[in-house]
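Rule-based calculations on the coordinates, nothing more; no lab input. These numbers were taken from a predicted model, which means no experiment stands behind them. Cβ: placed from backbone, ideal geometry, glycine included. Neighbour counts: every protein chain shown.
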């Protein structure tokens, strides 16, 4: 399936409730869309409170955000990579990864690279059009927060975080494969 063209997908939504670390919580972060108005913002013009800025905006103002570093996160679109944040990821409280379509799996790789290569320890949020059936796999790739845009209430999704009781492979959520945990090698 071809990847959606950047101009053909809506920006990620910002629901009132999100799942964070296995619990439904009020969304305290305001996700700013990437549009002409947001792209022209200077650090002094940013609204108060916790913000999630598009990567290009954050790159423009990051050096001016020292006083707000604990309340400004970044969202990566599907064509932006963990490498574009690089070591700066460690300084962020939140990184959101946009899934423009459930069939676009690039965000899974981005999440895993942020955790494993760049040592990101903050809130890693999936935003956009992922499916309930993908929650377990997103968690395995290091996501611990989910801004679900579907019609189901977040409480109804909690069980999907643990669709499988164990896994064979190593991943961001369990770095040791099953055979090593059982002492077979």
(message) At q = 0.12, 0.15 Å⁻¹, what log₁₀ I(q)/I(0) does the stretch 12-181 have when each alpha carbon counts as one equal point scatterer in the Debye sum?
(response) -0.52, -0.81
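Efficiency by 1/(1 + (r/R0)^6): what FRET value for residue 79 and residue 50, r their Cβ-Cβ distance, R0 = 30 Å, to the nearest 0.05? Could you put the intermediate results ahead of the total?
On the way: r = 25 Å, r/R0 = 0.84.
It comes to 0.75.
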(message) Using a 7 Å offset from the Cα along the Cα-to-Cβ direction at both residue 116 and residue 133, what is the distance between the two label points in nm, to one decimal?
(response) 2.4 nm
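Multiply the residue separation of residue 181 and residue 39 by 0.36 nm, subtract the distance between their alpha-carbon atoms, and state the gained length in nm to one decimal. Mind dumping the intermediate values first?
Values: separation 142, 0.36 × 142 = 51.12 nm, distance 4.80 nm.
Extending this stretch completely gives an extra 46.3 nm.
Could you tell me the convex hull volume per residue, in Å³, taken over the Cα atoms of the stretch 69-140? Could the numbers behind the result be given before it?
Working: hull volume 5.5 nm³, N = 72.
Hull volume over Cα atoms, normalised by residue count, gives 76 Å³.
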